[in-house]
1. Over the C-alpha atoms of the stretch A:137-187, what are the Rg and the largest Cα-to-Cα span, Dmax, in Å?
2. Averaged over all directions, how much area does the convex hull of the C-alpha atoms of the stretch B:57-260 cover when projected, in nm²?
3. Sorted from largest down, give the three principal axis spans of the alpha carbons of chain A, whole angstrom values.
4. Evaluated at 37 °C with a viscosity of 0.692 mPa s, what Stokes-Einstein diffusion coefficient in µm²/s does the stretch B:57-157 have when Rh comes from the Kirkwood expression over alpha-carbon pairs?
5. Averaging over all projection directions, find the projected area of the Cα convex hull of the stretch A:191-256 and quote it in nm² with one decimal place.
6. Taking beta carbons within 10 Å but only from partner chains, what does the mean come to for residues A:116-124?
7. Sort the stretch A:253-295 into rounded, prolate or oblate with this rule: let a ≥ b ≥ c be the square roots of the eigenvalues of the Cα gyration tensor; rounded if a/c is under 1.5, and if a/c is not under 1.5, prolate when a/b is larger than b/c, oblate otherwise.
8. Quickly estimate the mean residue ellipticity at 222 nm for chain A, helices only: each DSSP H run with n ≥ 4 gives -39500 (n - 2.57), and the total goes over all residues, rounded to 500.
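Read-outs: derived from the displayed coordinates by stated rules, not from any lab. These numbers were taken from a predicted model, which means no experiment stands behind them. Note that we place each Cβ from the backbone using ideal geometry, even for glycine, and neighbour counts take in every protein chain shown.
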């Protein structure tokens, strides 16, 4: 219809057609400007700095090749940080993938007042991360709830702060991350669950399947696309975790919770921006690799499912 | 009989997760209500509940100023982000033009880059632009976000094209169609993006921390983190009160607008 309209040798229409080359760019301009200036430009600069010995105060740096990478790869604290980041993901990934499925399945039932529970479960998501970190830190202290709970459960002889133990600190931190993200990932799964028709469950019920069987044989496989999404988000977000460590353990005790991000932040604070940039690139590579692997794995799984 | 057993299990599960989610808030609330004379951990419930800690947070710990700073940052970020994203998403959903795919891929790529990679260059840049310790400086990453563009684009794609076609026939231009016909149709998505932008900006910590050197420009998150530097004795009661003060506005906005809060991942997850 529009084509015929434009073909008429009407001056007004012609004028609009000429301007239409620019139109999409006018719409894009404000956001593209912000993204270019405050994301793309500094990102490119970080790549530059990683192969320079950039001095932020002098505002200059000479090309040093891969020296910064050589430096971090010889730094034992960097390896510690890398290991901790990966360990953190190994703990968080299964929890982030499966706990929210359980919660989402529970609130997807037709039960009175379920809307209220969804709001309750979502409340940690809108809670500032600083607050989440501090609330949990209060629970973890020896005299706090968790500090006493581990004693009560017989895990420790006396009330113990798990954040202060080298062996448990990283695990204690993951609890905060999982708690904060539960509601967010629940929403993603809820959207996925709503695309599974009731008939599938009804058919399974007729065949005598138990709720547990239905969960593992129907819900989990049908949610494969959502699981991919949650896994990728967990990898990307999990590698960036900062507040729950900086405000609880500060990377301690004895480097037990020093992740890559804490390592980068410490380098940045010492104005070693080129080292920080090199470590930042390692972080980016990890996030990208993790996401690609996850995508590959799951596209295989989804194909199996579709037969 | 079997049905009821399953129902009971379901309720137990729901209630267990309610405890896990709400528990930390309850402990923090009880802690914040303890008076100055009370021991911090001697008892769980405050013997003589008082709001003293909240008044101290406002009057002495300067949380009144931090609150105002945070509100200003949010008032700039939320409308601008909604405007910029809803503009940028339109041609990406509806127009064919050279370079569209490049733009789409670039925007996706920036989403995957961890902030910590470019925080040093950004710190440098924002300083050079004279935006250190400024409200605009606080929100540069929250306006025109890739996330927002994709969220809104997804929503535009669900609108039937026929609506726009008839408007074009009536002689409306692209901006008029976008503003009068398309925007009103995606109000829930706009509100959803508003909530997201609000919570991101409200709770943002690392960037405001490094870009704010002047404590008159502190946001609630930085003020709270600063307060928690001494994490002992009766300061814990004050931290608790300040924590809740920091959370309540964010929680209130979410509860107020949650009926508009759409499943943002719908469509994005389709297999």
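1. 12.2, 40
2. Answer in nm², one decimal: 13.9.
3. Extents along the principal axes: 90, 72, 37 Å.
4. This corresponds to a translational diffusion coefficient of 209 µm²/s.
5. If you wrap the Cα atoms of the stretch A:191-256 in a convex hull and average its projections, you get 6.6 nm².
6. On the way: counts 1, 5, 2, 5, 6, 6, 6, 8, 7.
Mean partner shielding for this stretch: 5.
7. The shape class here is oblate.
8. So the helix-based figure for chain A works out to -22000 deg cm²/dmol.
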